[in-house]
Amino acid sequence: MKKWFEPLSTAWVGVVTHKLRSFLTMLGIVIGVAAVIALMSIGRGATASILANIESMGTDLVTISPGAFTFGGVRGAAGGTTALTMEDAEAISEQVPYITAVAPSYSSNLQLVVGGENMNAQVTGVTPEYWEVQNLEVANGAFFTEYDYQRGTKLAVLGSNVKEMLFGDADSIGQQMRMGSIIVRVVGVLDSKGGMWGSPDDGILIPLTALQQTVAQPRTAQGERVVSSISLTVSDEEQADYVVEEITSLLRSRHRLGSLDDDDFSIISMEEISSMLSEATGTMTLLLGAIAGISLLVGGIGVMNIMLVSVLERTREIGIRKALGARERDIWGQFLIEAAFLTFAGGIIGVIVGWAVSYFVTSMGLMTTVVTADIVILAVSVSVGIGLFFGFYPAWQASRLNPVEALRSE
Amino acid sequence: MIQLQDITKVYPMGKIELTVLRGITLHIAQGDLVAIMGPSGSGKSTMLNLIGCLDTPTSGSYYLEDREVSRLSSGELAGIRAHKIGFIFQTFNLLPRLSALANVELGMRYAGGVDRQRVMEALTRVGLSDRANHRPTELSGGEQQRVAIARALVKNPPLILADEPTGNLDSRSGEEIISILTTLHAEQGITLLLVTHDANIAHQCQRIIHIKDGQIVAEETV
């Protein structure tokens, strides 16, 4: 046998000759590592699905809404003059660089009637740029065109949920429906996006010029046509911050705001939201990992406990080995390798169990999970590190036993 | 081979000090077969542990093969035990979970590496080649002690120390063990020290050393 192999085989024999004890020692590590893998994969999965959601809306999207930007609380500076207008949109399109398309829109809640079915839905009047800006696709039919927009043709593109509610499984393309005081013809159904806030699945899109025929679009004191929001896409995501700054100063001057006034609009770029969310979910993942890490630590203390007991129980063996010429480092190495071996094996089994758990979670449709190589490598090396760290003291104790006393022990 | 000069050994027992050896001076030549006799607590096991480099004396000097070993570090002592000394214990001291073969292998483990062929030779020498895969619990006391002898001699040490090797055996097995040991001594010229209570065994040796209260009180040549 090769020399380097002997300590390994000794450790192996130590492990297999005490199967139950080895199993129980490993169990703590298995549970710890499995918990780390499973929880981290759930955290990573949540991050990935949120980011994918944002991705589907387009990370180059910038949305401008009237009123100051707040999360939850009261919107500041709400008043007669706080409004975004078609003219704002045109000015942005003409004066701000790095912009591919600008799409102002005006939304209104209208009653929809098809045969016996009726429902209320948010109807948004849009320009033809809207598809591109919002990254929308039709599942069926088509969008309306620039020509339709110019003529104010009464056409509608339905969100997938709206289509489901009004038409069920029947074909909706070419069907007519009543919308407020006008009759529109369905030309397209949007691809379902899922998504979170104000998902397009729940709305209806019609040409803004058509919407004006049933809903009076208000005008500001200056006679500009009010819109509900302006969305736009930037040509270079790197420049998103610059674009936001430029729009801010342009709108501030158009709205005649003094240097001390707050903005009467808010601008959110998807870039910003996505980095905010991925930071939040990253923190959550880290938190989950830390909680699981504690169980790994407890498992490590379990290893130390068992190794200390094992040293006591095998005092005589240590004495015999020393009498046969084992040096302190032979004994030390034997126990340390045994501890590392147990935690390594525990780590590997833990990875398999953790993987199985996250696979199970995914296949049950509870949550998306992502197991990445870095988590696996981290968990296994941490568990081996724990074995070495917590095995160190018992191994040192074992190596320092006096051979005469060790041989005398029962 | 072995030169003990005025060796003392004192164990601290809390506040009291227990003097076990009080000035032992002894010379053992290479190839000697020596019996050490004495009542319980006379210090003969302590002396054997010192000679076996399992322990170090409180004072005095100990030359093993002309090398002063009484002040060596624990690592150096381990090296001497690994290469020079084979131990045989009253209670056999085999590892219960290992086979006879693996136990004998352990004898070579710290002496430069295991050689399976020599392990089998050693087992054959003690007449246990057919029981190599049995665990100690599946062997009789005499057989277990023979495994222990094989473990001690597998690395070809110049010195074998046996601490009451027949103490836990019936008289027939005991005789077998003694005959294996004396044959080894005769054939290979191994220096053999034997602690025993049994006068019959002692008289099969060349020299008998009597110890009492930590001192050599008599010595006879057979």
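Which pairs do you get when a residue that is over 14 Å from residue A:350 (Cβ atoms), found in segment A:277-303, comes within reach of a residue that is of a type in the set (S, T, N, Q), reach meaning Cβ atoms under 7 angstrom, with the pair 6+ apart or on two chains?
A:278/A:47; A:281/A:47; A:282/A:47; A:285/A:47
Output the residue which, of all residues in segment A:365-405 that are surrounded by fewer than 17 Cβ atoms within 10 Å (Cβ to Cβ) and within 14 Å of chain B (Cβ to nearest Cβ), is farthest from the chain's Cα centre (by Cα).
By that ranking, first place goes to A:405.
Which condition number in (1) touching a Phe, Trp or Tyr at 6+ places or on another chain (Cβ under 9 Å); (2) aliphatic (A, V, I, L, M); (3) within 11 Å of another protein chain (Cβ to nearest Cβ); (4) touching a residue at least 40 places away in the same chain (Cβ under 8 Å) is the one that residue A:339 fails?
(3) is the only condition that residue A:339 fails.
Being farther than 24 Å from residue A:55 by Cβ, of a type in the set (Phe, Trp, Tyr) and part of a helix (DSSP H, G or I) is the filter here; which residues of segment A:124-170 pass it?
Those that are farther than 24 Å from residue A:55 by Cβ, of a type in the set (Phe, Trp, Tyr) and part of a helix (DSSP H, G or I): A:147, A:149, A:167.
Under 6 Å by Cβ, and 6 or more places apart or on different chains, what pairs join a residue from segment A:127-146 that is over 24 Å from residue A:62 (Cβ atoms) with one that is surrounded by 18 or more Cβ atoms within 10 Å (Cβ to Cβ) and small (Gly, Ala, Ser)?
A:141/A:188; A:142/A:188
Of everything in segment A:1-52, what is of a type in the set (Val, Ile, Thr) and within 11 Å of another protein chain (Cβ to nearest Cβ)? Give them in sequence order. Please lay out each step first, then the result.
So in segment A:1-52, the residues of a type in the set (Val, Ile, Thr) come out as A:10, A:13, A:15-17, A:25, A:29-31, A:33, A:36-37, A:42, A:47, A:50.
Hits for segment A:1-52 are A:10, A:13, A:16, A:17.
Just checking, how many residues over segment A:258-272 are within 18 Å of residue A:222 (Cβ to Cβ), at pLDDT below 85 and not acidic (Asp, Glu)?
The total comes to 1.
If I filter segment B:74-112 down to residues being β-branched (Val, Ile, Thr) and outside any strand (DSSP E or B), which single residue comes out as modelled with the lowest pLDDT? First the steps, then the outcome.
Narrowing segment B:74-112 to residues β-branched (Val, Ile, Thr): B:80, B:85, B:88, B:91, B:104.
Filter once more, keeping what is outside any strand (DSSP E or B): B:80, B:91, B:104.
Working: B:80: 95, B:91: 92, B:104: 95.
Here the answer is B:91.
Within segment A:362-391, how many residues are within 17 Å of residue A:292 (Cα to Cα) and of a type outside the set (Gly, Ala, Ser)?
The number of residues fulfilling the criteria is 13.
Could you list, in sequence order, the residues of segment B:179-200 that are buried (at least 21 other Cβ atoms within 10 Å of the Cβ) and either in a helix (DSSP H, G or I) or modelled with pLDDT under 90 (or both)?
B:181
May I ask you to verify whether residue A:39 is surrounded by fewer than 24 Cβ atoms within 10 Å (Cβ to Cβ) and assigned to a helix (DSSP H, G or I)?
Working: surrounded by fewer than 24 Cβ atoms within 10 Å (Cβ to Cβ): no; assigned to a helix (DSSP H, G or I): yes.
No: the conditions fail for residue A:39.
Hey, could you check segment B:109-139 for residues that are within 21 Å of the chain's Cα centre (by Cα), of a type in the set (A, V, I, L, M, F, W, C) and more than 9 Å from chain A (Cβ to nearest Cβ) and say which is nearest to residue A:10 (Cα to Cα)?
Ranking the qualifying residues of segment B:109-139, first place goes to B:119.
Could you tell me whether residue B:95 is under 14 Å from the mean Cα position of the chain (by Cα), facing chain A (nearest Cβ under 9 Å), aliphatic (A, V, I, L, M) and under 21 Å from residue A:326 (Cα atoms)? Full working, then the answer.
On the way: under 14 Å from the mean Cα position of the chain (by Cα): no; facing chain A (nearest Cβ under 9 Å): yes; aliphatic (A, V, I, L, M): yes; under 21 Å from residue A:326 (Cα atoms): yes.
Taking the combined requirement at face value, the residue does not satisfy it.
Whether any residue in segment A:347-363 is of a type in the set (Phe, Trp, Tyr), under 30 Å from residue B:45 (Cβ atoms) and assigned by TED's automatic domain parsing to the domain that holds residue A:19 is what I want to check.
Narrowing segment A:347-363 to residues of a type in the set (Phe, Trp, Tyr): A:355, A:359-360.
Narrowing further to those that are under 30 Å from residue B:45 (Cβ atoms): none.
No, the conditions are met nowhere in segment A:347-363.
Could you grab me the full set of residues in segment B:50-83 that are buried (at least 21 other Cβ atoms within 10 Å of the Cβ) and either facing another protein chain (nearest Cβ under 10 Å) or touching a Gly at 6+ places or on another chain (Cβ under 9 Å) (or both)?
Keep residues of segment B:50-83 that are buried (at least 21 other Cβ atoms within 10 Å of the Cβ), which gives B:50-54, B:57, B:62, B:64, B:77-78, B:81-82.
B:50, B:52, B:53, B:54, B:77, B:78, B:81, B:82 - these are the residues of segment B:50-83 that are buried (at least 21 other Cβ atoms within 10 Å of the Cβ) and either facing another protein chain (nearest Cβ under 10 Å) or touching a Gly at 6+ places or on another chain (Cβ under 9 Å) (or both).
Take the residues in segment A:81-114 that are hydroxyl-bearing (Ser, Thr, Tyr) and closer than 23 Å to residue A:224 by Cβ; name whichever of them is surrounded by the most Cβ atoms within 10 Å (Cβ to Cβ). Show your work before the answer.
Kept after step one, since they are hydroxyl-bearing (Ser, Thr, Tyr), are these residues of segment A:81-114: A:81-82, A:85, A:93, A:98, A:100, A:105-108.
Keeping just the survivors that are closer than 23 Å to residue A:224 by Cβ gives A:81-82, A:85, A:93, A:105-108.
Working: A:81: 13, A:82: 18, A:85: 23, A:93: 16, A:105: 21, A:106: 21, A:107: 19, A:108: 16.
Applying the filter and picking the extreme gives A:85.
Which residues, counting only those in segment B:205-222, are at pLDDT below 90 and under 16 Å from the mean Cα position of the chain (by Cα)?
If the condition is that a residue be at pLDDT below 90 and under 16 Å from the mean Cα position of the chain (by Cα), then no residue fits.
Mind listing whichever residues of segment B:159-173 are buried (at least 22 other Cβ atoms within 10 Å of the Cβ) and more than 14 Å from every other protein chain (Cβ to nearest Cβ)?
Correct list: B:165, B:166.
Can you tell me which residue is nearest to the chain's Cα centre (by Cα) among those in segment A:115-126 that are surrounded by fewer than 19 Cβ atoms within 10 Å (Cβ to Cβ) and in contact (Cβ under 8 Å) with a residue 12 or more places away in the chain?
Filtering segment A:115-126 for residues surrounded by fewer than 19 Cβ atoms within 10 Å (Cβ to Cβ) gives A:115-120, A:122.
Now narrow it down to the ones that are in contact (Cβ under 8 Å) with a residue 12 or more places away in the chain: A:117, A:119, A:122.
Working: A:117: 37, A:119: 33, A:122: 28 Å.
In this case the residue turns out to be A:122.
Pick from segment A:263-276 the residues that are among the aliphatic types (A, V, I, L, M) and surrounded by fewer than 19 Cβ atoms within 10 Å (Cβ to Cβ): which of them is nearest to residue A:349 (Cα to Cα)?
Filtering first and then ranking leaves A:276.
Just to be sure I understand, how many residues within segment A:11-67 are more than 30 Å from residue A:255 (Cβ to Cβ) and in contact with a Lys or Arg (Cβ under 6 Å, 6 or more places away or on another chain)?
From segment A:11-67, those more than 30 Å from residue A:255 (Cβ to Cβ) are A:11-53, A:55-56; that's our starting set.
From what is left, the residues that are in contact with a Lys or Arg (Cβ under 6 Å, 6 or more places away or on another chain) are A:17, A:56.
Result for segment A:11-67: 2.
Does segment B:145-158 include one or more residues that are part of a loop (DSSP other than H, G, I, E, B), under 18 Å from the mean Cα position of the chain (by Cα) and more than 12 Å from chain A (Cβ to nearest Cβ)? Working first, answer last.
Applying the first criterion (part of a loop (DSSP other than H, G, I, E, B)) to segment B:145-158 yields B:154-158.
Checking which are under 18 Å from the mean Cα position of the chain (by Cα) leaves us with B:154-158.
With more than 12 Å from chain A (Cβ to nearest Cβ) added as a condition, the list becomes B:156, B:158.
Yes, there is a match, as at least one residue in segment B:145-158 is part of a loop (DSSP other than H, G, I, E, B), under 18 Å from the mean Cα position of the chain (by Cα) and more than 12 Å from chain A (Cβ to nearest Cβ).
Anything in segment B:179-204 that is within 13 Å of the chain's Cα centre (by Cα) and of a type in the set (Val, Ile, Thr)? List them, or say none.
Answer for segment B:179-204, where residues must be within 13 Å of the chain's Cα centre (by Cα) and of a type in the set (Val, Ile, Thr): B:190, B:191, B:195, B:196.
Can you confirm whether residue A:317 is within 14 Å of another protein chain (Cβ to nearest Cβ), on the phi < 0 side of the Ramachandran plot, in contact (Cβ under 8 Å) with a residue 24 or more places away in the chain and not basic (Lys, Arg)?
Against the criterion (within 14 Å of another protein chain (Cβ to nearest Cβ), on the phi < 0 side of the Ramachandran plot, in contact (Cβ under 8 Å) with a residue 24 or more places away in the chain and not basic (Lys, Arg)), residue A:317 does not qualify.
Would you check if residue B:156 is touching a Ser or Thr at 6+ places or on another chain (Cβ under 9 Å), under 24 Å from residue A:5 (Cα atoms), of a type in the set (S, T, N, Q) and without any contact (Cβ under 8 Å) to a residue 40 or more places away in the chain? Walk me through how you get there before you give the answer.
Working: touching a Ser or Thr at 6+ places or on another chain (Cβ under 9 Å): no; under 24 Å from residue A:5 (Cα atoms): yes; of a type in the set (S, T, N, Q): yes; without any contact (Cβ under 8 Å) to a residue 40 or more places away in the chain: yes.
Considered against the rule, which asks whether it is touching a Ser or Thr at 6+ places or on another chain (Cβ under 9 Å), under 24 Å from residue A:5 (Cα atoms), of a type in the set (S, T, N, Q) and without any contact (Cβ under 8 Å) to a residue 40 or more places away in the chain, residue B:156 comes out as no.
The values are calculated or read from the model by the stated rules, or taken from the named source; none is laboratory data. The model shown is predicted, which means the values in this text are computed figures rather than measured ones. Cβ atoms come from the backbone with ideal geometry, glycine included; neighbour counts cover every protein chain shown.
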